[in-house]
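Everything below concerns the one structure shown next.
Please treat every number below as a calculation from the coordinates, not as lab data. Quick caveat, the model's predicted, so the values are computed rather than measured. Note: ideal-geometry Cβ built from the backbone for every residue, glycine included; neighbour counts use all protein chains shown.
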Amino acid sequence: MTDPNDVAIGDAAELVEQLRHLAGADPADVRQVVSEVLAALDRAAGGALREQLPETIRASLDSAGPVRR
């Protein structure tokens, strides 16, 4: 049987790779994309996600621009 933690780690690694591909090689672009994704997830969760994140990440959500399409 597959360990759920192994699956989660694999999923997270795949997501990181997809974000890198989406944002390109520039770390600033990656941070911007991640901030926009987290901001969209927070909106979808009615603000509940924001409460669970560290302050530094919450600050980046406040500065995230409109979600890219």
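For this structure, a couple of remarks:
- Using the rule -39500 (n - 2.57) for each DSSP H run of four or more residues, divided by the residues of the chain, the 222 nm mean residue ellipticity is -24000 deg cm²/dmol.
- Likely footprinting exposure, 42, 6, fewest C-beta neighbours within 10 Å first: 6, 42
- Relative contact order computed over the chain (Cα-Cα under 8 Å; 6+ residues apart), in percent: 28
- Simple point charges give the picture: +1 on the Cβ of Lys and Arg, -1 on the Cβ of Asp and Glu, and for the range 4-63 a dipole about the Cα centre of about 160 debye.
- Global geometry of the chain, whether rounded, prolate or oblate, following the gyration tensor of its Cα atoms and the 1.5 cut on a/c: oblate
- Remark: the residue 21-residue 43 segment gains 5.5 nm on full extension, using 0.36 nm per residue and subtracting the alpha carbon distance.
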